[in-house]
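The values are calculated or read from the model by the stated rules, or taken from the named source; none is laboratory data. Please read all numbers here as calculations on a predicted model, not as lab measurements. Cβ atoms come from the backbone with ideal geometry, glycine included; neighbour counts cover every protein chain shown. Remember, those area values only see protein heavy atoms, side chains included, never the ligands or the DNA or RNA. Shrake-Rupley method; radii C 1.70, N 1.55, O 1.52, S 1.80 Å.
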Amino acid sequence: MFESIIQLQQGNRALYNENPLVRWRDIVLLAILYFVTARIGQLFAIPPGNVTPVWIPSGIIVAAILYRGYEIWPGIFIGAFTGNIWAYFISDNTLALVHSVIAGFFNGVGDTLGAVIGVYFILLKCKTPYPFNRTIHLLYFVLFGALLSSSISAGFGVSALWANGFISDMQFNNVLATWFTGDAVGTVILAPFILSLVNSPNKMGSSREKFVYFLLLVLISIFALGVLADTPKSTFLFLLLPFTLWAILRFDQHTVFGSILLISVLSISTLLLNVGWFSTLDENRQLTELQQFVFIFAISVMLLSTLQKERSNAENNLLTLNEELVQIVTDRTKDIHEKNRQLLLDQEVLKESEQRFRDVASISADWIWEFDENAHFTYASEGIRGILGYAPEELLGKSAFDLMHKDEAQKVKQEFDEFAKQGKPFRQLENIKVDNYGKEHVMMSSGVPVYDNKGNFKGYRGVDRDITEQKSMERNLLQQAHYDYLTGVYNRGYFMLVADKELRRSIRYNNELSLLMIDVDFFKAVNDRYGHSAGDQVLIELTQICKNTLRHHDILGRIGGEEFAVLLPETDKDKAIEVADRLRENISNAVINFADGIDIQLSVSIGVTHLCEKETSLDKLLILADKALYEAKETGRNKVCFDWT
């Protein structure tokens, strides 16, 4: 175990053994860099204990050890010791000076131990000093490089401050949490960026594209952080995540991690300048909300970037394997053509070549096939038995399109005819085939044209791969992104997207549009009395009643705990009130049977609004409906109120 970790650092150790001056140069540079960035971080430190919300050196020292090895640890201690001595230095009396030195010493020990131990476990689990190529490696980086390392550093540092009288017992937990979070945030926003630069990953995207991207990112960040808004909203922050998807899909990782760093700097700057959404929060929440946002945003973007890198690597491997298999088939075809032109191919050589092909086909998890110019099978490997449940001989003479539904067969045949007409190979042609038991399979087909010894087109030879599970996973991910896990209706984010699209359509075509806000009366009492499982059952039953009452094109979404919204296209205000009353009545009349013979009856309050102005936004409609809902709650519940002023 220890040997594998040592091997990862051998290159740096050899460099330092050959020239000790290089090691001390790196140590001194790291100490200076720590001290300078510590001073920058302490510019926006908060009392007590001069604890900063984002500790810049934490990311630098983790990256330094991963890149240069454990031998560079003295630079961490020297930088941490001098930086913290500077922060806590008190010259009033000798005892205070001693306390400052002791606190600085233990801060240095904590930072050094935290970084070294964190990196040790990263290398132990990842076997690489660049833990951003796989999702599990990213998890280990966050767990050990950010959380474990920060825990050790915060434990030593805060304990030293407390023991030397810089903070009181009452302040201990608050300072510990701030220190820990600041270190963790500093690690996740800086270490990945530094490591991505020094590891020199493959560059993607031009410099001009990156310049445009970062320029747009700054503008979007200023807007999302609410710098220019009169009333900043936290929902604007969600604009940053889809925008960074551009970098994830288009550029290399150091551009992606640079985006995290830039957004983090801008977020911290808004708090320092007292502008934007964070500045609108209660003073006690500003720091916590900022740290949580930066940490969660950084982890989310790194996770998406790592998933994209894994997917890209998997696709490249899959393409390579597929191309190798196609190349085997192509090589065999060329070999046969060449030997046919030589007159009377040696039969033994031909048999060996054919057997080699059959062996590859028999052990392949994919299905290898051959068919003639009319797409009728002339050969099928044993792989067909495991994929579609047919014996290979059952397919001989059948068309490939016989294995598809009519509409699918017409679509695929049209694509196939285009390739066959030009005698071109086709790769990764997606199609749906039906197995011997009536079950559909999503297949990815690749094939190359086959010619006789006179150069006449004879058909195709290729391979089918079953990608049903992959497609199912993609659909499941889409389901999770758009629908509420409990009720199965749209979640808040997707409801807002669909509803806004419908609102714009209604405005464009001058159609009627209404909006309902529904809230379950005394829902907390149901949870308190019967338990959360009963509450979940109530929400599920309520959703079903709504579905049975509403039209199929009405848009229903769960936008809060027990709060639902319904968008009614082409519905005037009178009809909207009628629908709301019918919903309220159906829900009030329903009896929900829970476990142990418990029957639960409930009621709802509904707020109604209507599109009256062509410039009305979805947010304004929601505010009006919520205002009406509040009135219904305040005036007795189990009723419908409206507001479209």
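What to note about this one:
- Close pairs from the range 625-644: first at positive phi, partner among the basic types (Lys, Arg), Cβ under 9 Å, at least 6 apart: Asn638/Arg584
- Within the range 420-437, the set of residues being within 16 Å of Glu373 (Cβ to Cβ) and not in a loop (DSSP other than H, G, I, E, B) comprises Ala420, Lys421, Gln422, Phe426.
- Residue tally, condition open to solvent by less than 60 Å² (accessible area, probe 1.4 Å) and either among the β-branched types (Val, Ile, Thr) or over 14 Å from Arg584 (Cβ atoms) (or both), over the range 614-645: 10
- Qualifying residue in the range 311-327 (condition: surrounded by 14 or more Cβ atoms within 10 Å (Cβ to Cβ), more than 30 Å from Phe132 (Cβ to Cβ) and of a type outside the set (A, V, I, L, M)): no
- The lone exception for Ala420 - which of (1) hydrophobic (A, V, I, L, M, F, W, C); (2) touching a strand residue (DSSP E or B) at 6+ places or on another chain (Cβ under 7 Å); (3) touching a residue at least 24 places away in the same chain (Cβ under 8 Å) it fails: (2)
Yes or no, residue by residue, for (1) modelled with pLDDT of 85 or more; (2) over 18 Å from Phe81 (Cα atoms):
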| site | (1), (2) |
| --- | --- |
| Ile152 | yes, no |
| Asn173 | yes, yes |
| Leu176 | yes, yes |
| Ala184 | yes, yes |
| Phe193 | yes, yes |
| Ser196 | yes, yes |
| Ser206 | no, yes |
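- Those strands (runs of 3 or more DSSP E) of the range 438-552 in which 1 or more residues are open to solvent by less than 90 Å² (accessible area, probe 1.4 Å), small (Gly, Ala, Ser) and closer than 24 Å to Val412 by Cβ occupy 440-451, 457-466.
- Listed by first and then second residue, the pairs linking a residue in the range 558-587 that is in contact (Cβ under 8 Å) with a residue 40 or more places away in the chain and closer than 16 Å to Val640 by Cα to a residue that is assigned to a strand (DSSP E or B) and charged (D, E, K, R), with Cβ atoms under 8 Å apart and 6 or more places separating them unless they lie on different chains, are Glu563/Asp519; Phe564/Asp519; Phe564/Arg558.
Matching residues to (1) closer than 30 Å to Ala314 by Cβ; (2) modelled with pLDDT of 95 or more; (3) of a type outside the set (A, V, I, L, M):
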| residue | (1), (2), (3) |
| --- | --- |
| Gln480 | yes, no, yes |
| Val489 | no, no, no |
| Phe495 | no, no, yes |
| Asp500 | no, no, yes |
| Tyr509 | no, no, yes |
| Leu516 | no, yes, no |
| Asp528 | no, no, yes |
| Ile540 | no, no, no |
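- Any hit, the range 599-607, residues being touching a helix residue (DSSP H, G or I) at 6+ places or on another chain (Cβ under 8 Å), in a helix (DSSP H, G or I) and not hydrophobic (A, V, I, L, M, F, W, C): no
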